[in-house]
Amino acid sequence: MKRKGFRFYLRIYFKILAQDLKSKMSYRADFIISTVGMIFTNIAGFVSFWIMFRNFPSISGYSYHEMLFLYGFSLLSVTPTQCMLDNNWNLRQQVYSGDFIKYCFRPINLFFYYESEIFDAKGLGQLAFGIGTLVYAWAKLGLAVTPLAVLKLLVFLAGASFVMAALQTAAAASCFWIENSFYVLDLAFRFRDYAKYPITIFSPVFRFIFTYIIPIAFIAYYPGMMVLRPSEVSLLSWLSPLIGAVFFYLAYRFWMYGASKFNSTGS
Amino acid sequence: MDEIIRINHITKEFRVPDRHEGLRGSIRDLFSRSYHTVHAVDDISISIAQGEIVGYLGPNGAGKSTTIKMMAGVLEPTSGEILVNGCVPYKNRTRNAQNIGVVFGQRSQLWWALPLVESFRLLKDIYQITDAQYDEMLALYRSLVDIEPLLHKPVRQMSLGQRTLSDILAAFLHDPKIVFLDEPTIGLDVSMKAKIRTLIHELNRRKNTTVILTTHDMGDVDALCRRIVIIDKGKMLYDNDIEHLKKFFGAYRTLKLRVKGDLSEQAKRIAAELPECSVSANENWISVLVNEDKQKVISVLSQLQKSYDIRDMQLEEISSEDVIKRIYEGGVV
């Protein structure tokens, strides 16, 4: 048996993904409706954002286009979670019914195998929307387009994605202990609505909470500032990719620990 | 004979929270939790050779699934030692998984939306099956069952029988050394049961795959297993040839009668008349357990029809539940 490295998992992932998309396409109506729904959700989000700025030209010193930049940034950093970790939403049901056991017999990583089962293609609409918003805001702000700036954006975007993924994974894993864990996951998902605002608009208490307890400020604000206002970033911005990676690793371990605990409760 | 599974005195304990009744009880549970220990598996030792089919029997909650989970490496024994194919399953879950196949009754492990053949191709990648091996296995499957109509059908659209069949084929696909089948024939019709038994038997014969079969269906056991292991309440009750068990219980038949009059009243009278047999009654039938070594069923029947108005009758072989109950009460081993 060959060693199962990164390439092995990547290959498996794309094979499962291809099959999954193929089967989703076969439900054409379902596919179209959910994609259209996702687009409307995004448009509605954007419109409410826009209306707010019709009345306030700036918020805590952030201009409309700067806010738009953070908004686009947060959409993008949520996308990987939306697309790749969507099966976390079903985890509660699977654990409750005991069906989760069926994932435990394959000779590959349990978390990977579980999450690979579902790819939410709707997230791709969000991806397109996020890119559009970000590019538009970038151009309007007159930020330089240098290879370094793009590289910075990608690195800090990756870190931010890890934070969102970690939040959702940890929240989903709570179902291994709590029966009514839907609220935990729902709460985690609702918090992400606050992620798109600069943390400075919140009161000190929430600023603390959103930085150190439920670190949603790392989904857009801290990493986004690296590109938006590179001259006034704090240490936390610099550390955000590292924090994201570490936080995701911890959430992953928490999930795996929960899974091993699930089995030991018998059925 | 090569030993493939070795289990030495394993025990599995679960800590279960005590729940108190009523609202007051729930509030109490919220603040102070007390636990009691459940011995799901209690000092079991088994040795299984490559190529055996072992029937693993016991009533619900006896600890069968727990044992299988421990052998599959998803559960760590509280104490004792398990070796599957020479390695400790819990410490090497993914390596162990490469050597085993699992079918868990009604929980399909296949990709719900995909046609079977696509599931097979994904499994081929996951288990790193070579092209040659894969083709050989598919050729074998074709010779054993009619898989063509299944291959291009999404699992979601299959009947329960087709799905079970598919799951069994998927479990054998990577040519594992051991396959665990947990109630593979549950809920299936007679012809599908027969088909699945033949399939398991043939795969075991051709590939020399060890099969651990848990079931409540004595028909499965009769068709497939030469050896059976019975556990109840986590303890091992029996581990021997099925022939041995049959010799012991083969002589027993259950005669079920429906007679005129109140059944429980009549049952008492019959019990008094037939001291050799054990008689019981429910709302539909009077059951008379006859040991044919001592008294033929026919003679019991002719004796009874003289004094009772028999409306209906059935003759049954002793059921697995009865066997297990008898073993538990009497101790055969």
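The values are calculated or read from the model by the stated rules, or taken from the named source; none is laboratory data. Note that this is a predicted model, so its numbers are computed, not measured. With ideal geometry, Cβ positions are generated from the backbone for all residues, glycine too; neighbour counts draw on all protein chains shown. Side chains included, ligands, DNA and RNA excluded: accessible areas come from the protein's heavy atoms. Shrake-Rupley method; radii C 1.70, N 1.55, O 1.52, S 1.80 Å.
Rolling a 1.4 Å probe over the protein heavy atoms of region B:3-246, with every protein chain left in place, gives an accessible area that is 49 percent carbon and sulfur.
Counting only protein heavy atoms and a 1.4 Å probe, region B:117-193 has 38 square angstrom of accessible area per residue.
Round to the nearest 0.05 the FRET efficiency obtained for B:D293 and B:Y35 when R0 = 56 Å and r is the Cβ-Cβ distance. E(calc), rounded to 0.05, equals 0.70.
Projected onto planes of every orientation and averaged, the convex hull of the alpha-carbon atoms in the protein assembly as shown covers 36.2 nm².
Heavy-atom accessible surface of region A:205-256, averaged per residue, reaches 50 Å², computed with a 1.4 Å probe. For the A and B pair, go ahead and give the buried accessible area with a 1.4 Å probe, both sides summed, in Å² to 100. Looking at A and B, the buried total is near 2900 Å². Comparing A:S63, A:S181, A:S26 in a Gaussian network model of chain A (Cα springs below 10 Å), the most mobile by mean-square fluctuation is A:S26. Under the simplified labelling scheme, the B:K268-A:T146 pair shows an inter-label distance of 10.2 nm, with each label point 7 Å from Cα along Cα→Cβ. Here the simple spin-label model places points 7 Å from the Cα toward Cβ, and for A:Y27 and A:L235 these points are separated by 5.0 nm.
Think of a 1.4 Å ball rolled over the protein heavy atoms: region B:19-74 then has 50 Å² of accessible area per residue.
Once the Cα atoms of helix B:297-307 and of chain B are each reduced to a long axis, what angle between those two axes, in degrees from 0 to 90 to the nearest 10, is obtained? Once rounded, one gets 40 degrees. If you take the Cα centroid of region B:1-65 and the Cα centroid of region B:183-214, the two points sit 26 Å apart. Could you identify which residue out of B:K294, B:K256, B:K153 has the top mean-square fluctuation in a GNM of chain B using Cα springs shorter than 10 Å? Of B:K294, B:K256, B:K153, the Gaussian network model singles out B:K294 as fluctuating most.
Take the Cα of B:S191, step 7 Å toward its Cβ, do the same at A:A158, and the gap between the two points is 5.9 nm. Extension gain, A:F53 to A:M256, is 68.7 nm, computed as 0.36 nm per intervening residue step minus the present C-alpha separation.
Students often forget the sequence filter, so: which aspartates and glutamates lie under 20 Å Cα-Cα from A:K4 once same-chain residues fewer than 8 apart are removed? Correct list for A:K4: A:E115, A:E117, B:D125, B:D131, B:D175. Per atom type, region B:251-317 shows carbon and sulfur on 45% of its accessible surface, probed at 1.4 Å. Rounded to the nearest 0.05, the FRET efficiency derived from the C-beta distance between B:L83 and A:V135 at R0 = 51 Å is 0.30.
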